[in-house]
Every structure is written in structure tokens, then in C-alpha cells.
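Asker: One structure, as C-alpha cells, below. Some questions next.
Since every read-out is calculated from the coordinates, none of them should be taken as a lab result. Every value quoted in this text rests on a predicted model; they were computed, and no experiment measured them. Cβ: placed from backbone, ideal geometry, glycine included. Neighbour counts: every protein chain shown.
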Ligand SMILES: Cc1cc2nc3c(=O)[nH]c(=O)nc-3n(C[C@H](O)[C@H](O)[C@H](O)COP(=O)(O)OP(=O)(O)OC[C@H]3O[C@@H](n4cnc5c(N)ncnc54)[C@H](O)[C@@H]3O)c2cc1C
């Protein structure tokens, strides 16, 4: 940000901040809160708008998204029933709002990576945050950091309290996110305040998160990665499958395909199992045939080298150990291949938990008390957007798409409703 822009920004902050009175106070300076601020100001230039953020800077989580590259939308975000969970119809309310167009209007060139995932062309989350902050500065949005709201009182509008300050607002937008990765800001404090106000919410749980299994079962695979079709089984029945790269770490199974299935754990708890098909492009007969051919080719090789041309050596040895209690010395002495083929096609891991909010990318559950204008139904004049709501999406840009679009729509409604409340 240039010095001149920063000066305008600081001035607007000082003027509004001194009075601590705002037409619209947005609690939370993440993706949804910044989009809400821009949209509110664009809708009603006379309205004083503040973003109140508990951390030292706005947008900390945004900087971490997409490994710093910010996967900000998806070409298929409009298919909301397919990609969103919880109150997924909320995503339906944002269909028609184009996040890439919103960013191109802020000077950020966006592009599809060929798989429908939309990124800024420069692949820089910092550029996305700069664009949002520059626009906030241009519009005169007050940005108040290091200020965690601890209490909301509803009296002649809204009285917001932090540890050492009081703010008065005619309208409030709740944009405090969920409970995932509290070190990046969203510690669930705003959800707790909302519960105290009687705002109804669905129970929260970690989603898009690594899954826990028996540590001894994954220990030999630590650091391994494998392409697989992963199926989530509950009570022995297949529930949902995803294809992608699976990663094994200390007691955990992760990877985008596992993240996308992880929300099912809350539903089925310890009756859950992941089964990995490690040769997903072949049926069981083809795998059997491949194993027989390979056994002939490598008949004199040590058994531990049997599969090392198909899988990494540690993975090959692991599969042999999972399939056979006792391994002969030579590959050629392994009698049956059916059992090994079964193991390769359905490598099972019981699921015993998730890695928790500290490692989850998003939060399932959240506020349900919401109208189709993103206004809290039981508290007119209060709006909510982003992950604080009972909705989350698949990996691939769906969560940021919802945060930006719901933020922009909530900001627009909050600002246009100000006229009605005058
Ligand atoms: C590591 C990581 C990578 C991700 N990558 C992607 C990706 O590439 N694509 C994608 O679509 N999604 C991604 N996500 C998910 C996405 O970042 C979130 O869904 C999105 O940021 C939610 O936006 P939000 O504004 O609702 O909440 P947040 O971004 O969490 O912002 C909430 C803000 O509110 C502040 N706050 C909370 N409580 C208070 C309070 N009481 N007072 C004042 N301030 C408060 C917080 O400090 C925070 O800054 C990723 C998530 C993580 C953790």
C-alpha cells in the first residue's frame, strides 16, 4: 500500500475510531468481513463502516490459504448441493455473485488452473489481501485491530465491548469465522457470544481435517504418499468415495481426498473406516493378473522386492505384511495372489477420530438462525456471513467463494437496510 493511500486510510480510522460510533460494525476482518465492508460502503457511501479484528492485522487466515496461493473460487461453485454441507441452501443464495468478477473489479486477474480451481493469476494470497485492504482504504472503511469483541448488548442498536473499548453500532455484521486454526484468528469466541444472545446454531466440529487411525497401522507408512480411490465406510457399508493423493503421517491419514470425506466422522464416529483402492484404474481380476505376471518376472528376487515396481518399496512391503502373516524368502514362493489383490483394492484403516480444530481447514456447524438476506432471523439489524454460518464446502475454492460472496451480499443488505431504519 502506498504512503498516500495509507495516510487516507489512517485518517479515516482516526476520525471514526475516536467516536467509536459506526453505522455498520463488522466483527472479524477475514475474507467475509473485508468483502462485507467493501460491499456495504459501495452500497451506501455515507455509512460509516468499521471492521473490528481481534488479531494485530486483518486477513491472517487468508494469507495461509491454498498454501499461500489462495484458491479463491471454483468454476463449479454454483452446483451448491454438490459441494456444500450443513445449511447448503445458504450457498444457493450466493449463486449469481461472481467472486472472480469481484476480484477482477479490484484489479486482481484470476484464472482457472485447468481443474476448475480459480486462483489469482499471480498465485499470491498476499496480493488478494492487498486488493481487499486497498479498496477498504479507498472507501474509508475503519480498520480496528488488536480488538477482540467479548460482549454484544442489544440496546438502541448494538453496544460492542472488547477488553478496554466500547463501540456503538446501528447494525452489526458477524464475520468471526468458525473454530478452525485459532492461531489464524477464528477462535470461536463470536459463536459463543451468539449462543449467549440466544442465536441458534448447529453444533460445531472440525471438517476438511486429517483423520486418526491406529498409530501402529500407519507407522510403517510415515511420509508415504499414494494415489488412491478412498472410500469412507460406516458400519461396513460404503458411504462416499473420493480419488486423490493420500498422505500418511504420525497416526494420521490426510490429503485432499481424505479432507473431503472427513466430515463424515462426526456422523458415524468410531464405526468409521477408510478403505483405499491403491490401483483404482484396474478391477480385481486385472490386479490379480498383474500380480501373477510380476511374480513370474521377479520369481528369484527377495519377496520384499515383489511389488517395488508397482508401489514404492515401503508401500510394497507394507502391503505384503498386511496380506500375509508370514512371508517366504523368494517372490516366486508366494503361492496365492488373490489375497494380496484384495488388500491392494481394499486397504482398510479404522478411523478413531480427527486431528481436531487445530488442524482443520474449516468448521462444520454454526449459526442456523438466518434469513435468505443473511440477517439473523431472531435479531433484525444483525447480519452474518462466512464460516460462522452452518455451512462448509469441499476443498477447491468453495469455502472462500462462500466467504466472499456471503460477505458481499450481507454487506449490501446491511447497508441498504440502514435507509429503512432511519
Ligand atoms: C490453512 C488453510 C488453508 C485454506 N485454504 C483455502 C483455500 O485455498 N480455498 C478455500 O476456499 N478455502 C480455504 N480455507 C478455508 C477458508 O480460509 C475459510 O473458509 C475462510 O477464510 C472463512 O472466512 P471467514 O471470513 O468466515 O473467517 P476467517 O477467515 O476465519 O476470519 C474471521 C476473522 O474474525 C476474527 N475474529 C474472530 N472472533 C473475533 C472477535 N470476537 N472479535 C474480533 N475479531 C474476531 C478472526 O481473528 C479472523 O480474522 C483454508 C483454511 C485454512 C485454515
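Asker: Find how many whole Å separate the alpha carbon centroid of segment 89-130 from the alpha carbon centroid of segment 202-258.
Answerer: 29
Asker: I need the shape label for segment 210-355. Rule: rounded when a/c is under 1.5, else prolate if a/b > b/c, else oblate, with a, b, c from the alpha carbon gyration tensor.
Answerer: Numbers: a/c = 2.22, a/b = 1.87, b/c = 1.19.
Verdict is prolate for segment 210-355.
Asker: Let me ask you something else. Sort 92-101, 402-411 by packing, meaning the average of other beta carbons within 10 Å per residue, with the highest value first. Could the numbers behind the result be given before it?
Answerer: Numbers: 92-101: 17.4, 402-411: 29.2.
Descending mean neighbour count gives 402-411, 92-101.
Asker: Note down, for segment 170-222, the three equivalent ellipsoid semi-axes (square root of 5 times each alpha carbon gyration tensor eigenvalue), biggest first, whole angstrom.
Answerer: Values: eigenvalues 242, 31, 11 Å².
Equivalent-ellipsoid dimensions as semi-axes: 35, 12, 7 Å.
Asker: Counting helices only, and only those DSSP H runs with n ≥ 4, report the 222 nm mean residue ellipticity of the chain as the sum of -39,500 (n - 2.57) divided by its residues, in deg cm²/dmol to the nearest 500. It would help to have the intermediate numbers written out before the result.
Answerer: Details: 15 runs with 145 residues, N = 422.
Dividing the helical sum by the residues of the chain leaves -10000 deg cm²/dmol.
Asker: What is the helix-to-structure angle for 284-297, meaning the angle in degrees between its Cα long axis and the longest Cα principal axis of the chain, kept from 0 to 90 and rounded to the nearest 10?
Answerer: Helix 284-297 sits roughly 50 degrees off the main axis of the chain.
Asker: Here is a follow-up. Sort out for me the Cα centre separation of segment 373-417 from segment 299-352, rounded to whole Å.
Answerer: Segment 373-417 and segment 299-352 have Cα centres separated by 50 Å.
Asker: Just to confirm the number: angle between the C-alpha axis of helix 313-323 and the first principal axis of the chain, 0 to 90 degrees, nearest 10?
Answerer: Here the helix axis deviates by roughly 70 degrees.
Asker: Rounded, prolate or oblate for segment 93-132? Axes are the square roots of the Cα gyration tensor eigenvalues, ordered a ≥ b ≥ c, and the cut-off for rounded is a/c under 1.5.
Answerer: Details: a/c = 2.10, a/b = 1.14, b/c = 1.84.
Oblate, because a/c is 1.5 or more while a/b does not exceed b/c.
Asker: For residue 352 and residue 250, compute 0.36 nm times the residue count separating them, minus their Cα-Cα distance, and round to one decimal in nm.
Answerer: Details: separation 102, 0.36 × 102 = 36.72 nm, distance 1.35 nm.
The residue 352-residue 250 span can extend by a further 35.4 nm.
Asker: Can you tell me the orientation of helix 125-139 relative to the chain, as the angle in degrees between its alpha-carbon axis and the longest Cα principal axis, to the nearest 10?
Answerer: 10
Asker: With a ≥ b ≥ c taken as the square roots of the eigenvalues of the C-alpha gyration tensor of segment 74-162, please select rounded if a/c is under 1.5 and otherwise prolate if a/b is larger than b/c or oblate if it is not?
Answerer: Values: a/c = 2.59, a/b = 1.38, b/c = 1.87.
Note, shape of segment 74-162 comes out oblate.
Asker: Could you compute the FRET efficiency for residue 283 and residue 122, with r as their C-beta to C-beta distance and R0 at 41 Å, rounded to 0.05? Display every interim value, and only then the final one.
Answerer: Values: r = 44 Å, r/R0 = 1.07.
Given R0 = 41 Å and the Cβ-Cβ separation, E is 0.40.
Asker: Taking all pairs of different Cα atoms in the chain, averaging 1/r and flipping that mean, what Kirkwood radius in angstroms comes out?
Answerer: Details: mean 1/r = 0.0430 Å⁻¹.
Here the Kirkwood hydrodynamic radius works out to 23.3 Å.
Asker: What number, in percent, do you get for the relative contact order of the chain if the mean sequence gap of Cα pairs under 8 Å and at least 6 apart is divided by its residue count? Walk me through the numbers before you get to the answer.
Answerer: Numbers: 959 pairs, mean separation 101.5, N = 422.
Across the chain, relative contact order equals 24 percent.
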